[in-house]
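Undergrad: Below is the structure I would like to discuss, written out as structure tokens.
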Amino acid sequence: PPQNDFLQCLSLHLPNNTGISSVVYTPNDASYLSILLSSVRSLRFRSSSTPRPQVIVTPFEESQIQTTILCARENGMQIRIRSGGHDYEGLSYTSQVPFVVLDLFNFSEVSIDVDQKTAWVGAGAIIGQLYYRISQTSKTLAFPAGACPTVGVGGLFSGGGYGPMLRKFGLAADNIIDARIIDVNGRILDRKSMGEDLFWAIRGGGGSSFGVITAWKLKLVTVPETLTIFSVGRTLEQNATQLVHKWQYIAPNLNEDILLSISIGPVNSSGVAGGKTIQANFNSVYLGGVDKLLPLLEQSFPELGVRREDCTEVSWIQSALFFGGYSIQVSPEVVTSRNPEIRSTLPITRYYFKAKLDYVQEPISIKGFEGMWKLLLEREANMGELLVVPYGGKMKEISETALPFPHRAGNLYKIQQLAYWEESGAVASERSISWSRKLHDYMTPYVSKSPRASYMNYRDLDLGVNNYNGGDGKTTTSYAQASVWGLKYFKNNFKRLVQIKTKVDPTNFFRNEQSIPSLYSKSSSKNN
């Protein structure tokens, strides 16, 4: 088996001061399964039927990554690179061909320069570790990244990375100023040595198509010492449909210091026919105090009826707790744990799930929303959700070609569609996934077209996958085949990504079901 030759290669080439047993795990090792499952964040891929790696490598230093790449290339093993393990389709730790998981959790150092307002963060860190370290260093420095604190920065940043401050500061990738990457030839490159093309590609185009990113340098942002948060719920009986409909005209045009997002789903209600209704939770963060927020809301969206008692003034790290599914009363240190004892209330961290995403460019009619409510009410309470996040602000100011992430001006908001379920097994899974596809089909008239756009960090293999070449397990993908999904994620930036991929990884060594293809990969894959 190729893994035996791979292991022999590692033992020959790993530096003498490295005990192979401290960084290499096979299914025969007692700790193999616990290490594998420690960062499998989607319950769909925790079952014994999920394909598992022949080898897991957990490097401590970059030379061990260089050796892993060399030995995998020599022995026909595919590499899957894992940072936090939140890939929606499990592509950072599953594959249909013999593969190695390169788990970067030891690359989690965070180093902050307060005077320069910059930070270096290892690609294996989780965003909660980054947030906590920043908060311990300064009360007014922050970084605009995601909500779920256990998401790894390696995947989040290389796919774009959005969060509660996107309307003020843009994506995480918009605020990255340097990186370290190990390429297919084992070279360790920074921004200067990799060149601006590759540096562009890894900030939104998915790093795992191009090499192994080991660290990012971030430009930190300045926020007030006091922020304000609120969450107010409105059911159908409390005018939710009309509020959501009006929200479309307001939220994308609000002051960029405000994010007003909505979470919409079915809830139990004893006072209505069928025992369920739809509730829309309007969740907000404002970069400032409540005395400034309330007049802004009263002027722009008085129908929502937000009161002073609905609002709480918090620090930036407390706002991260709020969006991460935690009480603002708990110690912020909770966000530093990959497997925290206090569980987040975010449903995506608790249930099996399937997600899809769309961008909305024209306001949806009330009738359109009512059709969504009808489909949501087919789900059990809390087992279906629409997460609706407005754009505008900084997002509409940045060119769609500035980074591979193209979803900028012209988008009012994005709407993530989520199906949750608790029961294990193929039947329950297929039932919920079928429902998510039905909802996605229903959304077609209301969302972006030509292409119907999506977001790489909400990966969806229903959009299309790369091909496999017969029985030898090697991926061979044409530009046309990859364009089926690639244009949805990257629009016209996809072509430039393919050109860069062809230059830096012509034999398509770094690959998965939705990796950027090399134009040479079909002819060279036999020798790959």
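Undergrad: Which residue, Ser47, Gln78, Tyr25, has the largest displacement toward the positive end of the dipole of segment 2-103 when charges sit on each Cβ (Lys, Arg +1; Asp, Glu -1)?
TA: Toward the positive end, the furthest listed residue is Ser47.
Undergrad: Within segment 238-262, whose backbone N sits under 20 Å from a point 7 Å along Cα→Cβ of Gln361?
TA: Those under the cut-off are 248-253.
Undergrad: While we're here: From the phi of every residue in segment 401-406, what ³J(HN,Hα) in whole Hz does the Karplus formula 6.51 cos²θ - 1.76 cosθ + 1.60 yield, where θ is phi - 60° and glycine or proline is x?
TA: Result, ordered by residue: 9, 4, 9, x, 5, x Hz.
Undergrad: Another one. Less than 19 Å apart at the alpha-carbon level, and either on another chain or at least 8 residues along: which aspartates and glutamates does that give for Lys117?
TA: Of all the aspartates and glutamates, those that pass the test against Lys117 - Cα under 19 Å, at least 8 places apart if same chain - are Glu109, Asp174, Asp178, Glu225.
Undergrad: If you don't mind, there's one more thing I want to ask. By the scheme Lys and Arg +1, Asp and Glu -1, what is the net charge of all other residues having a beta-carbon under 11 Å from that of Leu293?
TA: With Lys, Arg at +1 and Asp, Glu at -1, the neighbours total -3.
Undergrad: Using a 1.4 Å probe, what is the accessible area per residue for the chain, in Å²?
TA: 39 Å²
Undergrad: Quick check: residue separation of Ser193 and Glu370 times 0.36 nm, minus the Cα distance between them. What number comes out in nm?
TA: 58.4 nm
Undergrad: List the GluC sites (Glu not before Pro) within segment 192-273 that fall in a DSSP loop (any state other than H, G, I, E or B) and whose Cβ has at most 12 other Cβ atoms within 10 Å.
TA: Here the sparse-neighbourhood loop sites are Glu225.
Undergrad: May I ask for the angle, rounded to the nearest 10°, between helix 493-504 and the longest principal axis of the chain, with both axes built from Cα atoms and the value confined to 0 to 90°?
TA: For helix 493-504, the angle is close to 20 degrees.
Undergrad: Give me the aspartates and glutamates in straight-line cross-link reach of Lys503: C-alpha distance below 18 Å, same-chain residues under 8 apart excluded.
TA: Here the aspartates and glutamates satisfying the reach criterion relative to Lys503 are Asp183, Asp190, Glu196, Asp197.
Undergrad: How far is helix 62-74 tilted off the main Cα axis of the chain, in degrees rounded to 10, range 0 to 90?
TA: 70 degrees
Undergrad: May I ask you to list the lysines whose Cα is less than 16 Å away from that of Lys374, ignoring any residue fewer than eight positions away on the same chain?
TA: Partners within reach: Lys276, Lys438.
Undergrad: Let me ask something additional. In Å and on Cα atoms, what radius of gyration and Dmax does segment 2-103 show?
TA: For segment 2-103, the Cα radius of gyration and maximum Cα-Cα distance read 12.9, 39 Å.
Undergrad: Could I ask something else about it? Can you tell me the convex hull volume per residue for segment 306-448, based on C-alpha atoms, in Å³ to the nearest whole number?
TA: Per-residue hull volume (Cα only) is 182 Å³.
Undergrad: A further question follows. Mind pulling the angle between the C-alpha long axis of helix 127-137 and the longest principal axis of the chain? Nearest 10 degrees, somewhere in 0 to 90.
TA: Compared with the principal axis, the helix lies near 70 degrees.
Undergrad: Grab the beta carbon distance between Glu62 and Lys292, set R0 = 45 Å, and tell me the FRET efficiency rounded to 0.05.
TA: 0.45
Undergrad: What is segment 240-301's relative contact order, in percent, from Cα pairs under 8 angstrom and six or more apart in sequence?
TA: 33 percent
Undergrad: A 21 angstrom limit on the alpha carbon distance is what I want to check against. Which of Lys217/Lys396; Lys168/Lys219; Lys396/Lys491; Lys246/Lys488; Lys246/Lys414; Lys396/Lys488 exceed it?
TA: Pairs exceeding the cut-off: Lys217/Lys396; Lys246/Lys488.
Undergrad: May I ask you to order 104-113, 385-394, 140-149, 438-447 by the average number of other C-beta atoms within 10 Å around their residues, highest value first?
TA: The densest-packed peptide leads the list: 140-149, 385-394, 104-113, 438-447.
Undergrad: Lone cysteines in the chain, defined as no other cysteine's Cβ under 4.7 Å from theirs: which are they?
TA: Cys148, Cys311
Undergrad: Can you give the % of DSSP beta bridges in the chain that are antiparallel, to the nearest 5?
TA: Roughly 90 percent of the beta bridges in the chain run antiparallel, per DSSP.
Undergrad: Carbon-plus-sulfur fraction of the accessible area of the chain, 1.4 Å probe, in percent?
TA: The value for the chain is 48 percent carbon and sulfur by accessible area.
Undergrad: Bin width 10 Å, alpha-carbon pairs only: give the P(r) of the chain as whole percents, running from 0 to the bin holding the largest distance.
TA: Pairs per bin, as whole percents: 4, 19, 30, 27, 15, 5, 1, 0.
Undergrad: Enter the per residue convex hull volume of segment 390-443, computed from alpha-carbon coordinates, in Å³ rounded to the nearest integer.
TA: Cα-based convex hull of segment 390-443, divided per residue, equals 119 Å³.
Undergrad: Using R₀ = 51 Å, calculate the FRET efficiency as 1/(1 + (r/R₀)^6) where r is the Cβ-Cβ separation of Arg308 and Ala428; round to 0.05.
TA: According to the calculation, E is roughly 0.70.
Undergrad: Taking every eigenvalue of the Cα gyration tensor of segment 110-222, multiplying by 5 and rooting it, what semi-axes result, largest first, whole Å?
TA: Equivalent-ellipsoid dimensions as semi-axes: 23, 14, 13 Å.
Undergrad: Per 0.36 nm of contour for each residue apart, how much would the distance between Ala273 and Lys495 grow if the chain were fully extended, relative to their Cα-Cα spacing?
TA: Gain on extension, Ala273 to Lys495, equals 74.7 nm.
The values are calculated or read from the model by the stated rules, or taken from the named source; none is laboratory data. Being a predicted model, the structure only gives us computed values, none of them experimental. Quick reminder, even Gly has a Cβ in these numbers, built from the backbone with ideal geometry, and neighbours come from all protein chains shown. Please note that ligands, DNA and RNA were not included when accessible areas were found on the heavy atoms of the full protein model with its side chains. Shrake-Rupley method; radii C 1.70, N 1.55, O 1.52, S 1.80 Å.
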